[in-house]
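Engineer: Structure provided below as structure tokens; questions to follow.
The values are calculated or read from the model by the stated rules, or taken from the named source; none is laboratory data. In this text, all values refer to a predicted model and were calculated from it rather than measured experimentally. FYI the Cβ positions are ideal-geometry reconstructions off the backbone, even for glycines, and counts take in every protein chain you see.
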Amino acid sequence: MLLLLVAAGGFAQKKIMFDLSHSQCRGIEPGHETYPKVVPAYQEMAKELGAELVLNEEAEITNQLLKKVDVLVMLSPLSNKLQKDLTEVEKKALVNYVKKGGSLLFFVDDNHRVDLARYGANDVTSAFGIEFGEDVKLPGNVGAVSFKNEIFKDKYEIPYSGACVMTGGIPVSVCMEDGWLHGSYVELKNGGKFYAGGDTMVGLLLGYDDGVRKVMKGMETRWWGKDSRAYMKDLLEWALKK
């Protein structure tokens, strides 16, 4: 059960839910895990934005669960063998959540990592005119960039390596190679916000200052794209605004 905390001054503190119930942040090779650092990083970002981060580790996503949540962050499952697929209840709850004014940040990855059809991603995104398709055929570690717009304060450099084709929505970030769509959004008249990403690397806060595009060294790769944290913090700030 979610507890509604009250911040100084009597205003309810905004709440960001970080979903882990679909095997997100699992399936990385031993010794190269990112998730021990990911959750603390999001907790810090939430604090900087005056919000609270809560984790959903196993509960089914329902209308009731989302009732007092301002933003829901759903990174992609990272293993099609471990992924927990969206239930029909969850699909309906996610669409309903946005249509009633909630903010959903929804990431997937390439089909090597997540079985998109089985996961049911398009059953959610198609309600907002966005769809995921087959994998983008590109060399690894090509990177992506954001546009400076109502969401992002700058043109950020972010990692992109292994993604699926995306269509629809208002583009906010694109691949450095051939301009493939990386991220897009839809904003409803009632304030509901939906962001979709076709590669979850930025959501995992990957990328290095010394990364070099198209240089691959397996799990030791220094991913190009140094601005993942700035990208995600701006995205969260936008999602929290009502």
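Engineer: Only one of these conditions is not met by V145: (1) of a type in the set (A, V, I, L, M); (2) touching a residue at least 60 places away in the same chain (Cβ under 8 Å); (3) outside any loop (DSSP other than H, G, I, E, B). Which number is it?
Structural biologist: (2)
Engineer: Output the qualifying pairs, or none if there are none: Cβ atoms under 6 angstrom, residues six or more apart or on different chains, first residue in the stretch 64-76 and in contact (Cβ under 8 Å) with a residue 24 or more places away in the chain and under 18 Å from L86 (Cα atoms), second residue in a loop (DSSP other than H, G, I, E, B) and of a type outside the set (A, V, I, L, M, F, W, C).
Structural biologist: From the stretch 64-76, the pairs are L75/T200; L75/G203; S76/D109; S76/T200.
Engineer: Give the residue that is surrounded by the fewest Cβ atoms within 10 Å (Cβ to Cβ), with candidates limited to residues of the stretch 61-119 that are of a type in the set (S, T, Y) and either in contact with a Ser or Thr (Cβ under 7 Å, 6 or more places away or on another chain) or part of a helix (DSSP H, G or I) (or both).
Structural biologist: Our first condition is that a residue be of a type in the set (S, T, Y); within the stretch 61-119, this holds for 62, 76, 79, 87, 97, 103, 119.
Remaining after also requiring either in contact with a Ser or Thr (Cβ under 7 Å, 6 or more places away or on another chain) or part of a helix (DSSP H, G or I) (or both): 76, 79, 97, 119.
Values: S76: 27, S79: 16, Y97: 23, Y119: 21.
It comes out as S79.
Engineer: Now, a different point. Counting only residues that are modelled with pLDDT under 95 and either within 24 Å of R229 (Cα to Cα) or not aliphatic (A, V, I, L, M) (or both), how many does the stretch 116-139 have?
Structural biologist: 2
Engineer: In addition: In the stretch 189-215, which residues are part of a loop (DSSP other than H, G, I, E, B), surrounded by 14 or more Cβ atoms within 10 Å (Cβ to Cβ) and aliphatic (A, V, I, L, M)? It would help to see each step written out before you state the result.
Structural biologist: Going residue by residue through the stretch 189-215, those that are part of a loop (DSSP other than H, G, I, E, B) are 189-192, 198-207, 209-215.
Retained after the next criterion (residues that are surrounded by 14 or more Cβ atoms within 10 Å (Cβ to Cβ)): 192, 198-207, 211, 213-214.
Hits for the stretch 189-215 are M201, V202, L204, L205, L206.
Every residue, every condition in (1) of a type in the set (K, R); (2) touching a residue at least 24 places away in the same chain (Cβ under 8 Å); (3) closer than 18 Å to D154 by Cα, yes or no:
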{"position": "Y195", "(1), (2), (3)": "no, yes, yes"}
{"position": "G211", "(1), (2), (3)": "no, yes, no"}
{"position": "S228", "(1), (2), (3)": "no, yes, yes"}
{"position": "K242", "(1), (2), (3)": "yes, yes, no"}
